[in-house]
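Readers should treat all values here as calculations from the given coordinates under stated rules, not as data from a laboratory. Remember, it's a predicted structure, so these values are computed and weren't measured experimentally. Cβ placement follows ideal geometry from the backbone for every residue including glycine, while neighbour counts extend to all protein chains displayed.
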Amino acid sequence: PCVLVGPPASEIARSAGTARTELIVMGRGGGRTFRDIFLGSTAERVIRQTLRPVLVVRQPARRPYQRPLAALDLDQTALDVLALLPRILPPPRPRVEVVHVYDAPFQGLIYPTLSREEAREHRDYYRSRAAQELVRILDTTPSSGARPGSSDRFPWRAHVRYGSPRIVVRESVEEARSDLLLLGTHGYAGIAQAFLGTVAGDLLREVPCDVLVVPPRRAAPARR
């Protein structure tokens, strides 16, 4: 243990880099005001400044996670989250609720010209495509290929839902009474400012469970 002097987020990120840590665990405050300040400031800044997974703990630790929920995009970030699952969730593996929030391009622009049935078919087309890709990603995850009955196998339950990611993910966490939310992030220096401010940052403050934020495995070249 050590006591450092300086900006908390910078010192935490620097110490994690020096120690080559694989996971940063951050606790919650004791009251609502402090919690909101902490989750809205220090934890988000740490996520921005490091390329390491950050686990924000909000509930007392009583047992291994039993009801995890992974909110996935259909890209490399999903693979990054799924690759970390076996290290966070020991055998026997709990069932993982997997949620992908999809969009129907131009839905708002074309809706006035479509009937209700045509608008539904438009959304269903993109939902079907998203569902097929999500199943493909889950099927190619190493733990999915474990033999039936093996303790290394993750049982998945996939959900593909239309709407705002922030709202849909929060509601999914509440419906499943999840004790852990896993999020993949995009960005060039840990996490993109826009994504953190609009989705991950809001979820950090709004969901009642622990949150694991997983950054890209490799940092892309910085923009000029």
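Computed from the Cβ-Cβ distance with R0 of 41 Å, the FRET efficiency linking T18 to A158 stands at 0.55. Here each label is just a point 7 Å from Cα along the line to Cβ, and for R87 and R120 those points are 4.5 nm apart.
Ranked by the mean number of other Cβ atoms within 10 Å of their residues, highest first, the peptides 4-12, 206-214, 52-60 come out as 206-214, 52-60, 4-12.
Fully extending the segment from R67 to Q132 would add 21.0 nm, taking 0.36 nm per residue of separation and subtracting the current Cα-Cα distance.
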